[in-house]
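A short write-up of the structure that comes next.
What follows draws every value from the coordinates through simple rules; no lab data is involved. All values reported here derive from a predicted model rather than from experimental measurement. Reconstructed Cβ throughout: ideal geometry from the backbone, glycine too, with neighbour counts over all protein chains shown.
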Amino acid sequence: MHKFFSEKNIHLIFDISLLIKGFDAILETIAGALAFFVTQKLLIDVIQTVAAGEIAEDPRDFVVHTLLQLAHQYSTGTQYFVAIYLVIHGAVKLWLVIGLLRKKLWYYPTALVVFFLFIVYQLYQFSFNHSVWLLILTVLDVIVIMLTIHEYRYLRSITAKNTL
């Protein structure tokens, strides 16, 4: 088990977690850009088209009616909030990941603060919707924070040794 936690493996796990976060950031940014075009009417039309067979089979289908209710609550304000949130969240995360992959020391404390704020917001959201996925994402973010702290300390010690 000790070999698994070797410095080399910790760096590898850190880099892999950053690549996953980077991929997620790209997807979030794209989803946010697309959300600008997803109107309430489009959502309702898509749900009705996709669920047409289910509605014909069971006009009182719980899932379809729940989705339609949610779509009817999807206001222009919600649309823009989702779009702007995803674009900003994804872009900031991508910017931090790129800086961390480049091993720029000042990105580490910045990333720690931002990742911590993301966790606070995720826990705030979890208090309302109790989403298991949000909880899993939060646990993964805590692991990334721990890896970031470790990597930052390691890079600082190497930098200190090289300046002596």
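Observations
- Charge dipole (debye, nearest 20) of the chain; +1 at Cβ of Lys and Arg, -1 at Cβ of Asp and Glu: 1120
- Cα-derived Rg over Rh, computed across the chain with Rh taken as Kirkwood radius: 1.12
- Ordering Ala35, Phe126, Pro109 by the projection of their Cα atoms onto the charge dipole of the chain, which places +1 on the Cβ of Lys and Arg and -1 on the Cβ of Asp and Glu, puts Pro109 at the extreme positive end.
- Per-residue Cβ neighbour rank within 10 angstrom, fewest leading, Ser75, Ser131: Ser75, Ser131
- Radius 13 Å from Cβ of Ile10, net charge of other residues (Lys, Arg +1; Asp, Glu -1): 0
- Within region 38-120, the chymotrypsin sites (Phe, Trp or Tyr not before Pro) that combine a DSSP coil assignment with at most 11 other C-beta atoms in a 10 angstrom radius are Trp106.
- Coil-residue trypsin sites (Lys or Arg not before Pro) of region 1-77, DSSP, other Cβ within 10 Å capped at 12: Arg60
- Taking 20 Å as the straight-line reach from the Cα of Lys21, the aspartates and glutamates in range (excluding those fewer than 8 positions away in the same chain) are Asp141, Glu151.
- Residue (of Asn162, Gln73, Ile84) at the positive-pole extreme of region 3-163, dipole from beta-carbon charges: Asn162
- Of the complete DSSP H runs in the chain, those spanning 27 angstrom or more by Cα along the long axis with a mean Kyte-Doolittle score not below -1.0 are 7-35, 76-101, 107-129, 132-163.
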